[in-house]
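Q: Before anything else, here's the structure in question.
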Amino acid sequence: MRKILCVIAALLVISIVLSIAVYAESANDITKSSKKSENTKSSKLDKYVNKEFENKITKQFAKDKNWTKINSTSVFTTWIKTDDHHTKDGKKIWNKAIFELDPTRKYDKVKSDKKTVVVYPIFTDSAYSEPGFYTYYRNECDTKCLTIKIQNNFLPQANPNAVQILKLLDYSFITDIDVDKNPQVLAKYDKVIILHNEYVTKKEFNAITAHPNVIYLYPNALYAEIKADYAKNTIMLIRGHNYPKSDIRNGFDWKFDNSPSEYDTACKKMQFSRIDNGWMLNCYPENIIHKSMRFLETIKKL
């Protein structure tokens, strides 16, 4: 009888071990399948990425022997040109910095999962060129300055720090033009990050506000409506920013406009608020985005 019980016990142990092995193998297969599925989706999204624009980013922020590495509060290695600065409140402010991944740090928790796309504000970059919209706003030019050339050479007036950091963290980029020409492209991604996209077309506005998970990383986004003429390579202001009437603020009458928050550049009380189609930051994070791993991790997790 004792021998029979021992045999039964041994068989039970073997059965349990085999069950655990089968479960582990099954779980491993599921994990592999999940990773394979994610990689497949990521590779399918590659065709929508604006590689030409991403190459321009890389060239714009390439350093040479004139750049000096400095100690800074950034979580990235920081390079500057020692003679390229201005002074504010007695402090030296570098006009441009180049960032690189710091080999002593780990960035796994903040790197993109490749299912998120950043929309670069090329229309806004163009709007700030001179003469242009702001020449008109200052009453230094008539309405002819409300039709301007699209700046295709990537002048990093719009969020250079954010562009560098998100690019270093493997986020994919497209531009306003990509969205205007193909509004459906945003639906291919799980998440969309909007920078200081102040000037957008009606089609772009509709595409962005229709997406269910948008991070409005900068205040003053979606503020004024413009129209693009790609045959002439121009944009024209249609509505917004006190035009065509002085009492018009947001050109789309967008209820989530948070433009006053763009003047908070210190971001001491920085937080995201939930809106209908995503999350909106309450300050202008250009000087913060390269300093906080926690902030970058939040962007990834939202």
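The values are calculated or read from the model by the stated rules, or taken from the named source; none is laboratory data. Everything numeric here is computed off the predicted structure, so don't read it as measured data. Backbone-built Cβ (ideal geometry, glycine too); neighbour counts: all protein chains shown.
Q: Does the stretch 211-223 contain any residue that is free of Cβ contacts under 8 Å to residues at least 40 places away in the same chain, farther than 14 Å from residue 124 by Cβ and either surrounded by fewer than 16 Cβ atoms within 10 Å (Cβ to Cβ) or touching a strand residue (DSSP E or B) at 6+ places or on another chain (Cβ under 6 Å) (or both)?
A: Within the stretch 211-223 (the criterion being free of Cβ contacts under 8 Å to residues at least 40 places away in the same chain, farther than 14 Å from residue 124 by Cβ and either surrounded by fewer than 16 Cβ atoms within 10 Å (Cβ to Cβ) or touching a strand residue (DSSP E or B) at 6+ places or on another chain (Cβ under 6 Å) (or both)), the answer is no, since none of the residues qualifies.
Q: For residue 61, only one of the following conditions fails: (1) surrounded by fewer than 19 Cβ atoms within 10 Å (Cβ to Cβ); (2) modelled with pLDDT under 95. What is its number?
A: Every listed condition holds for residue 61 apart from (1).
Q: Which pairs have Cβ atoms under 8 Å, sit 6 or more apart or on different chains, and link a residue in the stretch 238-251 that is modelled with pLDDT of 95 or more to one that is exposed (fewer than 14 other Cβ atoms within 10 Å of the Cβ)?
A: 248/242; 249/242
Q: Which residues, taken from the stretch 243-302, are of a type in the set (A, V, I, L, M, F, W, C) and under 23 Å from residue 138 (Cα atoms)? So that I can check it myself, show each step before the final result.
A: Start the filter on the stretch 243-302 by keeping residues that are of a type in the set (A, V, I, L, M, F, W, C), which leaves 248, 252, 254, 256, 266-267, 270, 272, 275, 279-281, 283, 288-289, 293, 295-296, 299, 302.
Within the stretch 243-302, 248, 252 meet the criteria.
Q: Looking at 123, 99 in this structure, which one is surrounded by 11 or more Cβ atoms within 10 Å (Cβ to Cβ) and not in a strand (DSSP E or B)?
A: Being surrounded by 11 or more Cβ atoms within 10 Å (Cβ to Cβ) and not in a strand (DSSP E or B) holds for just one of 123, 99, which is 123.
Q: From the set of residues in the stretch 55-75 that are assigned to a loop (DSSP other than H, G, I, E, B) and in contact with a helix residue (DSSP H, G or I) (Cβ under 7 Å, 6 or more places away or on another chain), which is nearest to residue 97 (Cα to Cα)?
A: Per the criteria, the residue is 61.
Q: Identify the residue in the stretch 126-144 that is assigned to a helix (DSSP H, G or I) and in contact with a Cys (Cβ under 6 Å, 6 or more places away or on another chain) and, among all such residues, is surrounded by the fewest Cβ atoms within 10 Å (Cβ to Cβ).
A: Per the stated criteria, the residue is 135.
Q: Additional query: Within the stretch 224-258, can you find the residues that are among the aliphatic types (A, V, I, L, M), more than 25 Å from residue 189 (Cβ to Cβ) and either in contact with a Phe, Trp or Tyr (Cβ under 7 Å, 6 or more places away or on another chain) or surrounded by 14 or more Cβ atoms within 10 Å (Cβ to Cβ) (or both)?
A: 236, 237, 238, 248
Q: So which residues in the stretch 252-278 are of a type in the set (S, T, N, Q) and free of Cβ contacts under 8 Å to residues at least 24 places away in the same chain?
A: The answer is 265, 271, 273.
Q: Criterion first (of a type in the set (D, E, K, R) and either farther than 17 Å from residue 171 by Cα or without any contact (Cβ under 8 Å) to a residue 24 or more places away in the chain (or both)) does residue 114 satisfy it? Spell out the reasoning first.
A: Details: of a type in the set (D, E, K, R): yes; either farther than 17 Å from residue 171 by Cα or without any contact (Cβ under 8 Å) to a residue 24 or more places away in the chain (or both): no.
Judged against the criteria, residue 114 is not a match.
Q: Looking at (1) farther than 18 Å from residue 180 by Cβ; (2) surrounded by 14 or more Cβ atoms within 10 Å (Cβ to Cβ); (3) touching a helix residue (DSSP H, G or I) at 6+ places or on another chain (Cβ under 9 Å); (4) not hydroxyl-bearing (Ser, Thr, Tyr), which one does residue 264 not meet, given that it meets all the others?
A: The one condition residue 264 does not meet is (3).
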